Amino acid sequence: MKIKQVLLNLISNAIKYNKKGGHVRVYYSLKKNVSLRINVEDSGAGIAEHDLDKLFLPFNRLGEVMGTIEGTGIGLVISKKLTEIMGGTIGLESQTGIGSTFWLQFELLSWVKTLSNNSKTDVKKITDGNKNARILEE
């Protein structure tokens, strides 16, 4: 549920702050079956480098307070906290005029252990070639 909430917030933001006719892409990568990185990429206006450190502060909408886009400025703060509770990290890469990519990264074994200890989620072992990985089932 936590990861779903974080992803919904990131995707919602990517749509909300995108340009007309822009795109949103969600994709993931596995690094040697040790870490999982989930990316939410948009083709919006991007975020200026001097604003990046303000992005995860509560009620800071980076100048959008008087704009037409609705919001309170706490979604990313909550997303960051939820990601950290799950043992992960959240961050972004952004270029002004090109767009932003928000990402979540989890060390798989640590993440599975944390989720298993904190919830009743079942962990299912899967095989990927000769390597073992684990996924979460609903």
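The residue pairs whose first member lies in the range 6-35 and is small (Gly, Ala, Ser), whose second member is part of a loop (DSSP other than H, G, I, E, B), and whose beta carbons are closer than 8 Å, counting only pairs six or more residues apart or on different chains, are Ala14/Gly44; Gly22/Ser43; Gly22/Gly44. Inside the range 99-113, residues that are open to solvent by less than 60 Å² (accessible area, probe 1.4 Å), out of contact with any Leu (no Cβ under 6 Å at 6 or more places or on another chain) and modelled with pLDDT of 80 or more make up a count of 5. Take the conditions (1) surrounded by fewer than 17 Cβ atoms within 10 Å (Cβ to Cβ); (2) modelled with pLDDT of 55 or more; (3) not in a loop (DSSP other than H, G, I, E, B); Ile135 misses just one of them, which is (2). Could you list, in sequence order, the residues of the range 6-23 that are open to solvent by less than 100 Å² (accessible area, probe 1.4 Å) and outside any loop (DSSP other than H, G, I, E, B)? If the condition is that a residue be open to solvent by less than 100 Å² (accessible area, probe 1.4 Å) and outside any loop (DSSP other than H, G, I, E, B), then Val6, Leu7, Asn9, Leu10, Ile11, Ser12, Asn13, Ala14, Lys16 are the ones that fit. Only residues that are within 22 Å of Leu108 (Cα to Cα) and of a type in the set (Ser, Thr, Tyr): list them for the range 1-45, please. Tyr27, Tyr28, Ser29, Ser35, listed by residue number. Given the conditions (1) at pLDDT 85 or above; (2) not in a loop (DSSP other than H, G, I, E, B), which single one is not true for His50? Among (1) at pLDDT 85 or above; (2) not in a loop (DSSP other than H, G, I, E, B), His50 violates only (1).
The values are calculated or read from the model by the stated rules, or taken from the named source; none is laboratory data. Model, not experiment: these values are computed from the prediction. Neighbour counts are summed over all protein chains in view; Cβ atoms, including those assigned to glycine, are modelled from backbone coordinates with ideal geometry. Each accessible area value is taken on the protein alone, full model and side chains, heavy atoms only, with ligands, DNA and RNA left out. Shrake-Rupley method; radii C 1.70, N 1.55, O 1.52, S 1.80 Å.
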